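Beneath this line is the structure, given in C-alpha cells, with notes to follow.
The values are calculated or read from the model by the stated rules, or taken from the named source; none is laboratory data. Here the structure is a predicted model, which means the values were calculated and not measured. Using ideal geometry, Cβ is built from the backbone for each residue, glycine included, and neighbour counts are taken over all protein chains shown.
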Amino acid sequence: MAPLPARTSHPKLKTPDRSSYEVGYGKPPAETRFKSGQSGNPRGRRKGSQNRLPALNEERLKSIILEEAYRSIKINEGDKQISVTMAQAIMRSLAVNAVKGQHRSQRLFSELLSATETQNRQLHDEWMDVAMTYKIEWERELDRRERLGITGLPEPLPHPDHVVIDIRNGTANIRGPATKEEKAEWDMWKARKADFEAELAELNELLATPGYRYKKLVREEIARTERVLEIIARAIG
C-alpha cells in the first residue's frame, strides 16, 4: 500500500489588493463596500436579542398571564379614577353586567362565585382536619412520654398546646412558634418577659416604700415596663 501523503496546512486567505481591486459583478466599488468592524444593519436587531425559546422547565405563558392579571390600571368610579388590577377590573365589569341583567354574565359570575366558595370551603375543611389530627396525635405522644418517663426528646413544633381549635366557629390557629427560628425567638422573649416582670415587682416595691423621693420617676418607669410587657404578651400569647 502506498504511503499516505503528508498533511499540509491550509494556505492563509489574503484580502485583495485594494489599489488594484476590479469593479464588476459581485465586486462593488471600494467606497460602497462594508468596512471591517462596521455593521451592515446598524439599526437592526442586536446580537443575542432574538426570541429565545423557553426551557423545558419554564412556563413563560403563565408568568405573562399573571403579570397582566395583576397589572394596575386606571378605571372610572363615579367622578374619580381609581387604580385596580386588571383581574379586579374584569371581575368588576362582569359583576356590573350581571346586575344589568345580562344572562351570560349572570351565569358566568355565579359559576365563578360557586367554584371559589367551594374551593375555599374545601381548603378550610382540609386545614381543620390536619390541625385536629396533629393536635390529637401529639397530645397522645406527649402523654405516652410522660407515662414512661421518657425525657430528652425534642418537643414538636408547633406544640399541640399552641394549636387552638374553635369547633363552634370552625377555626384552627397556631398561637406559638412553628419553626426552630421562631422557637428561639419565642424562648428569648419569654426570658425577657420574666426579667421585665421581676423589674416591675422591684419598681412596685420602691413605689410602696414610705418617704421614697423619686416616686414620680418610678411611676413613669412602671408605665414603660407595663407597655413592654403588653407588647411581649401580644407577641408570645
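Could you please find all residues in the range 83-133 being assigned to a strand (DSSP E or B) and either of a type in the set (D, E, K, R) or surrounded by 13 or more Cβ atoms within 10 Å (Cβ to Cβ) (or both)?
Across the range 83-133, the qualifying residues are Val84, Thr85.
So which of Ile222, Ile232 is at pLDDT 90 or above, surrounded by 13 or more Cβ atoms within 10 Å (Cβ to Cβ) and touching a helix residue (DSSP H, G or I) at 6+ places or on another chain (Cβ under 9 Å)?
From the options Ile222, Ile232, the qualifying one is Ile222.
Kindly indicate the residue of the range 160-216 that is touching a helix residue (DSSP H, G or I) at 6+ places or on another chain (Cβ under 8 Å) and of a type in the set (Lys, Arg) and also nearest to Thr133 (Cα to Cα) among those meeting that condition.
It comes out as Arg175.
Among the residues of the range 166-181, how many are touching a residue at least 60 places away in the same chain (Cβ under 8 Å) and closer than 14 Å to Glu155 by Cα?
Total satisfying the criteria: 1.
Report, ordered by the first and then the second residue, all pairs with beta carbons closer than 9 Å, sequence separation of six or more or different chains, a first member in the range 61-82 that is more than 24 Å from Val96 (Cβ to Cβ), and a second member that is surrounded by fewer than 11 Cβ atoms within 10 Å (Cβ to Cβ).
Leu61/Pro54
Can you tell me which residue in the range 180-237 is farthest from Pro160 (Cα to Cα), limited to those that are among the acidic types (Asp, Glu) and within 37 Å of the chain's Cα centre (by Cα)?
Glu226
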